[in-house]
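Encoded as structure tokens, the structure appears first; notes follow it.
The numbers here are math on the coordinates, done by the rules we state, and not lab data. Model, not experiment: these values are computed from the prediction. Cβ: placed from backbone, ideal geometry, glycine included. Neighbour counts: every protein chain shown.
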Amino acid sequence: MPIDPQILQHNRGQLQRLERLVASNPDYTADLGGGWTVAVAFAHLAFWDYRQAELIRNWSAPESVPSAHTDDQLNPVLERFWQQMPHEQCGAMAVEAARQITELVEQLDSRTADAIAAAGDGYMLARGRHREEHIDQIERGLSLSVESG
């Protein structure tokens, strides 16, 4: 069965939204709470989209996918690196990673897409949901930053 067209449309829509947001030259230093800035949120998006793209490229069997139980431990460790990255680079990486995974998912053959979904890893295909969550977070943070500034 091919990938649900709604997933593909949502992935593409959130990619376009991300591209517009980065192109607007946002305040990368705006505080989003919890030690996150706009730059950190972009770096977070880039990492997770790159990670899912790599997993999909290397997909051969459900056993090849790392257990999701370690994912929650990655963010606190990676935040230290993301905070040190050049801010604009974070936005550019988020867009590049989103483009890469969006195109990869759109080109997946049905057998691989079905195997990923059957393994309970549909989040690897539906990247728009994760993007939407953080784009909303960034837009809220930027609105608050403008209001208080």
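Less than 5 angstrom separates the built amide H of Thr37 from those of Leu32, all sequence-distant by 5 or more or on a different chain.
Once fully extended, how much extra length lies between Arg80 and Arg140, figured as 0.36 nm per residue of separation less the alpha-carbon to alpha-carbon distance? Show your work: numbers first, answer last.
Working: separation 60, 0.36 × 60 = 21.60 nm, distance 2.28 nm.
Gain in length upon complete extension: 19.3 nm.
The C-alpha atoms of the chain define a longest principal axis, and helix 38-57 lies at about 10 degrees to it.
Label-to-label distance for Asn25 and Arg99 is 2.0 nm, based on points extended 7 Å past Cα in the beta-carbon direction. Exposure proxy shown here: for Ile101, Ile116, the number of other Cβ atoms within 10 Å sets the order, fewest to most, as Ile116, Ile101. Across segment 127-135, computed HN-Hα scalar couplings (Karplus, 6.51 cos²θ - 1.76 cosθ + 1.60, θ = phi - 60°) run 6, x, 4, 5, 4, 4, 4, 7, 5 Hz from first to last residue, x flagging Gly and Pro.
Taking Cβ atoms as reference points and 15 Å as the exclusive limit, the residues near Asn25 contribute a net charge of -3, counting Lys and Arg as +1 and Asp and Glu as -1. Taking Lys and Arg as +1 and Asp and Glu as -1, the other residues whose beta-carbon sits under 11 Å from that of Gly128 total +2.
What's the extension gain from Glu106 to Glu147 if we count 0.36 nm per residue and subtract their Cα-Cα distance? Intermediate values should be presented prior to the final figure.
Working: separation 41, 0.36 × 41 = 14.76 nm, distance 3.91 nm.
Working it through step by step, the gained length comes to 10.9 nm.
Going from the fewest other Cβ atoms within 10 Å to the most, the residues Arg51, Arg131 appear in the order Arg51, Arg131. Calculate the FRET efficiency for Gln9 and Ala118 from the Cβ-Cβ distance with a Förster distance of 22 Å, rounded to the nearest 0.05. The computed FRET efficiency comes out at 0.50.
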